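The values are calculated or read from the model by the stated rules, or taken from the named source; none is laboratory data. Small disclaimer: the values here were computed from a predicted structure and weren't measured. Here the Cβ is made from the backbone with ideal geometry for all residues, glycine too, and neighbour counts use every protein chain on show.
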Amino acid sequence: MSEREIDTLGPRSEGDAAARLVVDLAALAANWRAIGSFAAAEVAGVVKANGYGLGATEVARTLHSAGCRTFFAGFSREAVEIRRIHGDVEIFVLMPRIGDEAHVLHEHRLIPCLFDLDGIDRWIASASANGAPARAALHVDTGIHRLGLVGEELDVFLCDEARRSRLDVALLMSHLACADEPSSPANRRQLDRFRAIREDFPQVRASFANSAGTFLGPDYHFDLVRPGISLYGHDPHYLGTAPRVGPVAKLEARLAQIATVGPGESVGYGAMATCDVARPIGVVLAGYADGVPRGLYRPERRFDVLVAGHRVPLFGRVSMDMITIDLSEVPRDAVRTGMWVEIFGPSVAVETVSEQCETIPNDILTGIGRRVERIYV
């Protein structure tokens with residue numbers, strides 16, 4: 001191909017997305033079952049952040065079919081969507097707004113996770129006004145110092161028999177700060193604190209472990225574990241000690257153009273990638289607006305995507321709508337415009353993406369853009 005000869009992607013039919021996230025629902029269900037085979041407790045489904053970017057309603061349907069009967073949503077709006085498709089499940093709302101949304105919680109039988117005395121009092125009052133039980137989870141802080149009743153507030157609650165008797169505590173919960181670091185002494189400190197608090201709630205179900213906490217072992221399981229990212233295919237310990245969880249999501253985008261760029265010419269914003277020899281450069285229609293992190297291209301550290309069964313490197317900065325790749329290592333007759341390029345998935349692990357960007361897989365999955373089409377298989 002000469003320097004000015006360009007192969008471009010022609011007109012696309014309506015609905016033919018430039019980028020898509022292919023979600024393997026069977027793999028999702030298999031991951032939930034695998035965690036259940038390991039955990040000495042009920043396994044909930046955490047579907048906050050739109051099911052970690054995969055689509056909360058489809059995730060919930062799949063987990064429900066697999067046997068899941070307890071879900072955790074981030075906000076009331078998410079929880080209502082789950083309730084509309086499943087009337088036979090418990091749905092906890094991790095970040096409820098009791099003052100503004102109490103009527104929504106009651107109407108849809110949602111269970112707020114209360115984390116301060118003001119929220120407890122508002123929930124009790126709203127339940128009395130609606131003639132409903134003040135059923136709630138009690139979220140206590142054991143060391144992460146985010147949401148959760150802290151020591152003095154918890155003592156006030158425990159010593160106030162009138163207040164305590166009016167709250168129907170359905171679940172006692174807390175959250176680990178360092179569960180993804182199995183050797184961290186913070187894990188055992190928090191566990192000891194949670195056990196001590198639980199002594200004041202002997203008849204109440206308890207939940208302490210997220211994905212990483214679940215894989216710390218049965219001491220952390222209690223009655224209910226709350227896996228999030230491991231449902232979606234990530235081993236949070238990077239050690240292979242977790243149950244066998246497989247990839248669920250594949251992000252891929254169309255190859256739109258192939259053009260030869262001559263020696264000495266640069267590609268992309270900032271002229272960060274310069275050709276030493278003539279190179280066939282492919283333009284792929286996904287960028288940071290679609291969830292491809294802008295920091296994925298690093299001149300000092302190669303990152304590969306998959307095209308036509310070949311691993312090829314990014315070449316140039318990620319822009320809003322596209323990435324550029326070096327096709328020098330692929331036979332010319334093996335690639336054509338319009339074909340799909342895997343950015344992450346079964347062949348390019350999402351962990352590879354997150355490590356390249358010095359972040360975590362949760363960040364990558366939840367950052368997938370709204371315009372990316374979700375395909376469920």
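A few points about this structure:
- Here 358, 342, 351, 329 are screened, and the one residue that is farther than 15 Å from residue 20 by Cβ and not in a loop (DSSP other than H, G, I, E, B) is 351.
- Residue match in region 283-297 (condition: in the same structural domain as residue 16 (by TED's automatic domain parsing), modelled with pLDDT of 95 or more and among the charged types (D, E, K, R)): yes
- Residue within region 107-115 that is touching a Phe, Trp or Tyr at 6+ places or on another chain (Cβ under 7 Å) and either among the aromatic types (Phe, Trp, Tyr) or closer than 22 Å to residue 61 by Cβ (or both) present: yes
- Some residue of region 287-297 being of a type in the set (Val, Ile, Thr), surrounded by 24 or more Cβ atoms within 10 Å (Cβ to Cβ) and in contact with a His (Cβ under 9 Å, 6 or more places away or on another chain): no
- Of all residues making up region 309-326, the number that are without any contact (Cβ under 8 Å) to a residue 40 or more places away in the chain, in a strand (DSSP E or B) and not β-branched (Val, Ile, Thr): 4
- So residue 93, is it under 17 Å from the mean Cα position of the chain (by Cα), within 23 Å of residue 223 (Cβ to Cβ) and touching a residue at least 60 places away in the same chain (Cβ under 8 Å): no
- Condition check for residue 188: over 21 Å from residue 45 (Cα atoms) and assigned to a helix (DSSP H, G or I): yes
- Annotation: residue 7 fulfils all but one of (1) in a strand (DSSP E or B); (2) at pLDDT 95 or above; the unmet one is (2).
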